[in-house]
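In what follows, a single structure is set out as structure tokens and then discussed.
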Amino acid sequence: MTVMTRLTRLLRSGWSGFFLCSALLLTGCGGGGGSGSSSGGDNSGGDDPSGTTVAVRGVDISMLETVEAAGGTFQVNGTAQDLLPLLKAQGVNLVRLRLWVDPKSSSNEVYGGGDSDLARVIRLAKRAKAQDMAFMLDLHYSDFWTDPAKQYKPKAWANLSTDELVAQVQSYTQDVVAQLITAGVAPDYVQIGNEINSGMLWPTGKNWAASGETVGGFDVLARLLSAGVTGLRTAETAGGVTTPAKTILHLAEGGKNSTFRWWFDEITQRNVPFDIIGLSYYPYWHGPLSDLQTNMDDMVSRYSKPVMVVETAYAFTLENGDSLGNNFGSATDVTNGGYPATPAGQQQFLQDLKTRIAAVPNEQGLGFVYWEPDWLPVNDATWTTDAGMLYIPSSCPTLASCSVGNAWENQALFDFNGDALPALAEFAAAP
């Protein structure tokens, strides 16, 4: 099936936001599965034998303004370009942006990591929409990073009761989406929470308890998630949105089927409304692509929902571009990841990932989002500041226990000088 055929079918079934038309004009779109090769990896072959195409080919570029302000530039074949048109020309059709509630201290010190407040999200979303890209909003419901290990409440919400917190999630979501609609950047997809394996807005919305801890459990988590969806829908109705955004519930550990079954069994039993199951999948942390395939197939079968890999990445080198050690930085990471940490290995991983997504039955593998391909090792484009560390004490118990810097630059889709890597070609290539 061609990209255009799948796009037409998705649109007719009520899906929107898949802007692949321009990709049809690019070299390699609808052709072979890319030119990368490696001695390791999935070995799943080239084009998907079913002929299914991967519709969503996205990037999370929440760090972009910070990288640009620090002097980072992006080049293809030696020619510097604005990143958004560059990505569009390479086949990217969606931009994902994280949103934090108030990413600065009480004394107005920014937390870093892209300083992703609403004003910044609106600016970046406008740049994406100007390129006819879809826009995915990633609501963290926190002032800074969230993941399975930390889900801190926004400072202003810290003392709210459970009922007040549920109401606040609804009103906050409604206000954010209303402002996006007014700005002309209504989202096409909305994540209600980020990597919420362990719930959100701890401890009220946490779904498991440590020894001696009192948490709200899945009952309260379900109320919070439903409140977020209600806020979204209320804003869309008031704003005259004719094609509502697709909602995503997003977990990490995309290769861990037992976690996904446990979590989504609990959530579906409580009738939380959602459209898509979102997965983070980093092979060096989450297991081989075969585990991801098993989990995606099972999610579609068990819950009758499509799946999307909303975060993924792989290293193109083990070298370090700054003073902070990298998340993917050792030979063990290469062994666990299954591909060489080389430009060709990075490209082969992305090619094989697309093939796995395309193989999900009944065209229910919607696509992927590459996380922070733009995060160059430039000064001040750091994952945190000292003020940010103080907000996440579980990750940084003391300032001395953490360091500022960039732990991701060797997983970008541009080398340390900002030159495009071969893996970027996979956004336009089949499947």
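A few remarks follow.
- In this structure, ASN93 does satisfy being under 18 Å from the mean Cα position of the chain (by Cα) and either over 22 Å from ASP147 (Cα atoms) or modelled with pLDDT under 95 (or both).
- Filter pass, VAL300 being under 28 Å from PHE144 (Cα atoms) and of a type in the set (Val, Ile, Thr): no
Yes or no, residue by residue, for (1) in contact with a helix residue (DSSP H, G or I) (Cβ under 8 Å, 6 or more places away or on another chain); (2) in contact (Cβ under 8 Å) with a residue 60 or more places away in the chain:
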position	(1), (2)
LEU86	no, yes
VAL92	yes, yes
LYS129	no, no
MET136	no, yes
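- Flag for THR384 being within 25 Å of VAL67 (Cα to Cα) and in contact with a Cys (Cβ under 9 Å, 6 or more places away or on another chain): yes
- Residue among SER323, SER301 that is in a loop (DSSP other than H, G, I, E, B), farther than 15 Å from LEU350 by Cα and small (Gly, Ala, Ser): SER323
- Qualifying residue in segment 179-189 (condition: under 22 Å from the mean Cα position of the chain (by Cα) and part of a strand (DSSP E or B)): yes
- Hits in segment 296-353 - residues which are among the small types (Gly, Ala, Ser), under 25 Å from THR259 (Cα atoms) and under 21 Å from the mean Cα position of the chain (by Cα): ALA313, GLY337
- The set of residues from segment 146-161 being part of a loop (DSSP other than H, G, I, E, B) and surrounded by 15 or more Cβ atoms within 10 Å (Cβ to Cβ) comprises THR146, PRO148, GLN151, TYR152, LYS153, PRO154, LEU160.
- Boolean, THR247 is in contact with a Phe, Trp or Tyr (Cβ under 7 Å, 6 or more places away or on another chain), within 16 Å of PHE218 (Cβ to Cβ) and among the hydroxyl-bearing types (Ser, Thr, Tyr): no
- Those strands (runs of 3 or more DSSP E) lying entirely in segment 48-126 with at least 3 residues surrounded by fewer than 22 Cβ atoms within 10 Å (Cβ to Cβ): 79-81
Table: residues versus (1) outside any helix (DSSP H, G or I); (2) touching a Phe, Trp or Tyr at 6+ places or on another chain (Cβ under 6 Å); (3) modelled with pLDDT under 95.
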| site | (1), (2), (3) |
| --- | --- |
| PRO340 | yes, no, no |
| ASN362 | no, no, no |
| VAL369 | yes, no, no |
| LEU376 | yes, no, no |
| ALA381 | yes, no, no |
| CYS396 | yes, no, yes |
| LEU424 | no, no, no |
| ALA429 | yes, no, no |
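- For segment 308-329, the set of residues classified as polar (S, T, N, Q) and in contact with a Leu (Cβ under 7 Å, 6 or more places away or on another chain) consists of THR312 only.
Okay, residues lined up against (1) part of a strand (DSSP E or B); (2) among the hydroxyl-bearing types (Ser, Thr, Tyr); (3) surrounded by fewer than 24 Cβ atoms within 10 Å (Cβ to Cβ):
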{"position": "GLN191", "(1), (2), (3)": "yes, no, no"}
{"position": "ILE196", "(1), (2), (3)": "no, no, no"}
{"position": "TRP202", "(1), (2), (3)": "no, no, yes"}
{"position": "LEU224", "(1), (2), (3)": "no, no, no"}
{"position": "THR234", "(1), (2), (3)": "no, yes, yes"}
{"position": "THR242", "(1), (2), (3)": "no, yes, yes"}
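The values are calculated or read from the model by the stated rules, or taken from the named source; none is laboratory data. Source: prediction; values computed, not measured. Please note: Cβ atoms are built from the backbone with ideal geometry, for glycine as well, and neighbour counts cover all protein chains shown.
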